[in-house]
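Since the structure comes first, as structure tokens, the remarks are kept for the end.
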2 protein chains.
Amino acid sequence: MYRTNTCGELTLKNVGERVTLCGWLQRSRDLGGMTFIDLRDRYGITQLAFNMETNSELCEQARKLGREYVLQITGRVIERASKNTKIPTGEIEIEVEELNVLNEAKTPPFTIEDQSDGGDDLRMKYRYLDIRRAPVRRNLELRHRMAMLVRNYLSDRDFLEIETPMLIKSTPEGARDFVVPSRMNPGEFYALPQSPQQYKQLLMVAGMDRYFQIVRCFRDEDLRADRQPEFTQIDCEMSFVEQEDVLEMFEGLAKHLFKEVKGLEFGKFPRMSWHDAMRRYGSDKPDIRFGMEFVEINDIVKGKGFGLFDNAPLVVGICAKGCAEYTRKQIDALTDFVKRPQVGAGGLVWVKYNADGSLKSSVDKFYSQEDLQHIAEAMGADKGDLMLILCGEAMKTRVQLCALRLEMGNQLGLRNPDQYAPLWVVDFPLLEWDEETQRYYAMHHPFTAPKPEDEALLDDPSKWGDIRANAYDIVMNGVEVGGGSIRIHDRTLQNKMFHTLGFSDEQAYQQFGFLMDAFSYGAPPHAGLAFGFDRLCSLFGGADSIRDFIAFPKNNSGRDVMSGSPSPISDAQLEELQIATTVKQ
Amino acid sequence: MYRTNTCGELTLKNVGERVTLCGWLQRSRDLGGMTFIDLRDRYGITQLAFNMETNSELCEQARKLGREYVLQITGRVIERASKNTKIPTGEIEIEVEELNVLNEAKTPPFTIEDQSDGGDDLRMKYRYLDIRRAPVRRNLELRHRMAMLVRNYLSDRDFLEIETPMLIKSTPEGARDFVVPSRMNPGEFYALPQSPQQYKQLLMVAGMDRYFQIVRCFRDEDLRADRQPEFTQIDCEMSFVEQEDVLEMFEGLAKHLFKEVKGLEFGKFPRMSWHDAMRRYGSDKPDIRFGMEFVEINDIVKGKGFGLFDNAPLVVGICAKGCAEYTRKQIDALTDFVKRPQVGAGGLVWVKYNADGSLKSSVDKFYSQEDLQHIAEAMGADKGDLMLILCGEAMKTRVQLCALRLEMGNQLGLRNPDQYAPLWVVDFPLLEWDEETQRYYAMHHPFTAPKPEDEALLDDPSKWGDIRANAYDIVMNGVEVGGGSIRIHDRTLQNKMFHTLGFSDEQAYQQFGFLMDAFSYGAPPHAGLAFGFDRLCSLFGGADSIRDFIAFPKNNSGRDVMSGSPSPISDAQLEELQIATTVKQ
């Protein structure tokens, strides 16, 4: 062992001990008679003292060391003259007797400090330096800790972690697969799993009863801001359970994490149907850390001559508490916000409930003070509040108002990352209409069971949009951190579902035949849930981006700028695989 | 919840309770007045009793149920008339009051019993039924348990599990990569990792100090009997450690597993240099559960006129205790064994030490009784023993004799799967000469450090074969279960190593540039080790094949016969990826 102790553990109790430490040179201060070096490792920082008077040679040597040099030192623990109470080792320092440079270091391209001067691109290119920074290191430590907590929690409850294959069969349903050419089976390809969905269902058929896996998944999608082509799921499945059992089990897991990681205790998580979530928050993942719920005011505003409202299927607003003093400029900014193409509203109607009790609005022309008073009453507005109203086609308008609500939440500081508001969203629609391809798609996946009371609607295509699924999402602070469903375990119902999704018998069998076969040999009732582990970690870490909770993430073009991957491969490799690129040179 | 209890937990203490169980119909016996059903789940088997007299309707219904039907029953726990003491639930049965068929089942293609009538191919095709069998289920349970033990052990010792990328850069050194075409970067490819080697070294540069990961790895190799294209490693790396620290840490892990899983305690694991292992056992992974060590008898046998021995660089034998009574036929079989192409010896010389003290050999023409007596003395043979001797080029002969030694170990029952003999093999050669390409290859990988005392030999190409590495394998019962090395953390030495392996500066930089760059920013001394997790599980499970310790393995052509993967993909997929297959139709 190159060291007797780490840089994070020596305190006054160790004074007098002779120790050997290893680490990186964080910072060095030359005070004439003395030179101080902060030595850093994963566990902390310890101050090293070199005395020009007592050992000038060593001190001279120390003065030549650059940032991030790897050092091994031996010396005695002494009490510090000027103590630093901010760090655990701040009351001691090491009077260095021996110094060994284990490795030199070029000057790092950015500072290895909590607040670095490195931009995102530079930090990604030199990720191995970025990880030396305490905030990134702590994220990876948190991730490790959460994975351990999850595994022990589930294992204690008879869940078995079972590794499912990474080289699987490509299925065109769902997102785009990454594929892997097979050299031994020329012309054929494996796919990388988008999730172990089918395998975990097979494990239920296999009687494994309670399965989980913290598992890498892959989706070849055009990357949005915070998406990664490879990501990690806490994937779970249970047999002989009903929806209530699943919700209880994984609510228990979430509470366990909150308690262990954040010291927070929760009562029963609230539940909301998908329809309610859409109606009250315009989102299937509402942020319920704050209220500002939607109020539909069709009844109040229609028939007063304001054509926009009169013709709109939905007029809906929110009440921003204490915002009546918003200036023209602030309101214009909100109008611009909702008119951005990402939100897409036509405009914004506002009503101010002034401190003097008067009401002022952008549509005063059409509405009397009394009308505005009715609106204010409906929206629960008090003096000093600002009402913001959108109108148009119902679902679109709700989604637009959701964006505005979240923006107002941000502006009013109602979205505190240290506060957590978990929520179950249940009763999702089973099917989702796609305008482009003019067909229904499974909102979750083709194995999700309809609610038994809605099953009959499968026989009436005009009612397909109304069918509710036994599907559920777990939402925290406006982020979907997990979701799942009761699966179809009955082959007849599964066939019906495939037909609804436009699969012919042949297509269904070609894609899912082995699963359908499996189901004919005694499939138990089963259900499951998967958490997005990267997202869960970032949420617990109080950060918006998942990228800093992944050791080596890829950028938005799916590139690892550090290793330069992907990259061209040799002609010999292509030839062996019997493939060619068709890229025009 | 569909059940109140599992099928493995009810005993006499529960008599009188009303319970609901779910499971699969294992077996059904119709005794006229009574029908008994064995209901099976993951936790055990519980007997259900249906009484024709008290409830004929239910009993009739029960009689119609087929094997592997999924049932839910409710009834009262009663004491059994005829007890089965072999299973924990064998003293009770359930007097069934309600029966609910949750799912029907086609007759399975093989019996779901400990000893199945299904062949390997059938079992693989219906793997979800195979897993219902207790022996396979227990293997997966063991695997889960071992993974948990490993994780908790390492986590308790400050190791962090850090997930490294699966979509990485292809490097031609080592085995063949599986590659993944990048749609977003046309003409470019990711590779799947053969191991996280470079990333774990980067994590050491990043200061993460103690890393581990139970991680999927991929090798596109022609599959030998017990190889899988995807396999799992317990991958570990540590900083500021010497070889002794690594050996101690992972010996500790192995002992922990032995204790927890097998109830076995071990003293310090023996260590053997690679050269000793080759000389004494003809293998770098000797099975030391039994002796039968090699004895070199060049000095004794040469110059007696037997040309084969006279011309051989090495004459070496083993002594098989108590085998002097082997018949002509048995010895012929051994001769055939060593002459098989897989072993490749030219022939086998034997010497019998008969019970009456006389010596008889296949080369009596050349050797006197006294000569044979000398051989017997050298080989430590007693009356009743059989000596088996091979000759030829040294290394080849040793490897051949190793095969014979293991065969004799099998014949004599010396390789008990319930006995464990762990061993460290150390001081591996750094470089390995390849006849075909006429160059040296890294025996472990290009980052393995030479022993400091052998470093100077890198300057003399004629000595390259003599350089010893700071590399080590952990071997159990003749199986290499893990291996690792001290890494090169010095950039100059790493460059020298790349040159030794025939890389130009450009090639080295193109392949490993980002790692070399990283090393210039302060790389700590570091070392690591990886266990083959599939193999480790099979060893602890007392089985030879890893296949039954993998939930969904692939066959020797890399196919998953259950899902039919790999498979052709659509032209649309190929087009999007801008690749084409060049397979001749």
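The values are calculated or read from the model by the stated rules, or taken from the named source; none is laboratory data. Please read these numbers as outputs of a predicted model, since none were measured by experiment. As a convention, Cβ positions derive from the backbone with ideal geometry for all residues, glycine included, and neighbour counts pool all protein chains shown. Ligands, DNA and RNA are stripped out before the accessible areas are found, and what is left, the full protein with its side chains, is counted by its heavy atoms. Shrake-Rupley method; radii C 1.70, N 1.55, O 1.52, S 1.80 Å.
Please work out if B:P135 is at negative phi, touching a helix residue (DSSP H, G or I) at 6+ places or on another chain (Cβ under 9 Å) and either open to solvent by 50 Å² or more (accessible area, probe 1.4 Å) or in a loop (DSSP other than H, G, I, E, B) (or both). The answer is no for B:P135. Restricting the first member to region B:21-38 and to residues that are under 14 Å from B:A62 (Cβ atoms), and the second to residues that are open to solvent by 10 Å² or more (accessible area, probe 1.4 Å) and hydroxyl-bearing (S, T, Y), the beta-carbon pairs closer than 6 Å and six or more apart or on different chains are B:L25/B:Y69; B:I37/B:S28. Flag: B:T89 does not match the condition of being β-branched (V, I, T), within 14 Å of chain A (Cβ to nearest Cβ) and out of contact with any helix residue (DSSP H, G or I) (no Cβ under 7 Å at 6 or more places or on another chain). Remark: pairs (first residue in region B:214-235, facing another protein chain (nearest Cβ under 9 Å); second residue surrounded by fewer than 19 Cβ atoms within 10 Å (Cβ to Cβ) and in a loop (DSSP other than H, G, I, E, B); Cβ separation under 6 Å; 6+ apart in sequence or on different chains) = B:D220/B:R176; B:L223/B:N556.
Among residues belonging to region A:15-54 that are crowded, with 17+ Cβ neighbours inside 10 Å and not in a strand (DSSP E or B), point out the one that is farthest from the other protein chains (Cβ to nearest Cβ). Of everything passing the filter in region A:15-54, A:M52 is farthest from the other protein chains (Cβ to nearest Cβ).
In region A:572-580 there is at least one residue that is more than 30 Å from A:I488 (Cβ to Cβ), free of Cβ contacts under 8 Å to residues at least 60 places away in the same chain, at the interface with another protein chain (Cβ under 7 Å from one of its Cβ atoms) and out of contact with any Phe, Trp or Tyr (no Cβ under 9 Å at 6 or more places or on another chain).
The helices (runs of 4 or more DSSP H) found entirely in region A:215-314 that carry 1 or more residues being outside the structural domain of A:P165 (by TED's automatic domain parsing) and surrounded by 19 or more Cβ atoms within 10 Å (Cβ to Cβ) are A:274-281, A:298-301, A:307-311. Each residue in region A:520-533 was checked for being open to solvent by less than 10 Å² (accessible area, probe 1.4 Å) and within 14 Å of another protein chain (Cβ to nearest Cβ), and 7 of them qualify.
The set of residues in region A:55-73 that are surrounded by fewer than 20 Cβ atoms within 10 Å (Cβ to Cβ) and more than 12 Å from chain B (Cβ to nearest Cβ) comprises A:N55, A:S56, A:E57, A:L58, A:E60, A:Q61, A:R63, A:K64.
Conditions tested, residue by residue: (1) in contact with a Phe, Trp or Tyr (Cβ under 7 Å, 6 or more places away or on another chain); (2) modelled with pLDDT under 95; (3) open to solvent by 10 Å² or more (accessible area, probe 1.4 Å).
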position: B:T492; (1), (2), (3): no, yes, yes
position: B:N495; (1), (2), (3): no, yes, yes
position: B:F512; (1), (2), (3): no, yes, no
position: B:L536; (1), (2), (3): no, no, no
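Only a single item in (1) within 30 Å of A:Y43 (Cβ to Cβ); (2) touching a residue at least 60 places away in the same chain (Cβ under 8 Å) is not met by B:G174, and it is number (1). Note on region A:169-180: residues that are open to solvent by less than 20 Å² (accessible area, probe 1.4 Å) and either hydroxyl-bearing (S, T, Y) or within 7 Å of chain B (Cβ to nearest Cβ) (or both) amount to 4. B:L12 passes every criterion in (1) of a type in the set (A, V, I, L, M, F, W, C); (2) over 27 Å from A:E237 (Cα atoms); (3) within 12 Å of another protein chain (Cβ to nearest Cβ) apart from (3). Taken residue by residue, region A:443-454 has no member that is of a type in the set (V, I, T) and not assigned by TED's automatic domain parsing to the domain that holds A:N495. Within region A:534-571, being at the interface with chain B (Cβ under 9 Å from one of its Cβ atoms) and charged (D, E, K, R) holds for A:K554, A:R559, A:D560.
To keep it simple, each residue is scored yes or no on (1) surrounded by fewer than 22 Cβ atoms within 10 Å (Cβ to Cβ); (2) out of contact with any Phe, Trp or Tyr (no Cβ under 9 Å at 6 or more places or on another chain); (3) under 12 Å from B:I112 (Cα atoms).
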| residue | (1), (2), (3) |
| --- | --- |
| B:L129 | no, no, yes |
| B:R143 | no, no, no |
| B:L149 | yes, yes, no |
| B:L154 | no, no, no |
| B:R157 | yes, yes, no |
| B:L160 | no, no, no |
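Please verify whether A:L154 is assigned to a helix (DSSP H, G or I) and either within 19 Å of the chain's Cα centre (by Cα) or at the interface with chain B (Cβ under 9 Å from one of its Cβ atoms) (or both), treating the condition exactly as stated. Criteria not met by A:L154.
Answer with yes or no whether B:D571 is charged (D, E, K, R), under 30 Å from A:E221 (Cα atoms) and modelled with pLDDT under 95. Yes: the conditions hold for B:D571.
Against the test of being within 9 Å of another protein chain (Cβ to nearest Cβ), touching a strand residue (DSSP E or B) at 6+ places or on another chain (Cβ under 9 Å), closer than 24 Å to A:L129 by Cα and hydrophobic (A, V, I, L, M, F, W, C), the options B:L160, B:L140 yield a single qualifying residue, B:L160. In this structure, A:R547 does not satisfy being open to solvent by 20 Å² or more (accessible area, probe 1.4 Å), without any contact (Cβ under 8 Å) to a residue 60 or more places away in the chain and closer than 30 Å to A:G252 by Cα. For region A:321-355, taking the residues that are part of a helix (DSSP H, G or I), of a type outside the set (V, I, T) and touching a residue at least 60 places away in the same chain (Cβ under 8 Å), the one that is least open to solvent (accessible area, probe 1.4 Å) is identified as A:L334.
Yes/no matrix, rows are residues, columns are (1) over 25 Å from the mean Cα position of the chain (by Cα); (2) within 26 Å of B:L536 (Cα to Cα):
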{"site": "B:K169", "(1), (2)": "yes, no"}
{"site": "B:Y190", "(1), (2)": "yes, no"}
{"site": "B:A206", "(1), (2)": "yes, no"}
{"site": "B:D209", "(1), (2)": "yes, yes"}
{"site": "B:F218", "(1), (2)": "no, yes"}
{"site": "B:Q233", "(1), (2)": "no, yes"}
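Filter region B:339-352 down to the residues that are within 17 Å of B:F309 (Cα to Cα) and of a type in the set (V, I, T) and list them by number. Within region B:339-352, B:V349, B:V351 meet the criteria. Inspection of region B:477-486 finds no residue satisfying the criterion of being open to solvent by 10 Å² or more (accessible area, probe 1.4 Å), assigned to a helix (DSSP H, G or I) and more than 20 Å from B:T171 (Cβ to Cβ). Being under 24 Å from B:G564 (Cβ atoms), in the same structural domain as A:S170 (by TED's automatic domain parsing) and touching a residue at least 60 places away in the same chain (Cβ under 8 Å) holds for only one residue in A:H526, A:H499, and it is A:H526.
Considering region B:81-127, the residues that are without any contact (Cβ under 8 Å) to a residue 60 or more places away in the chain and assigned to a helix (DSSP H, G or I) include one that is surrounded by the most Cβ atoms within 10 Å (Cβ to Cβ), namely B:R123.
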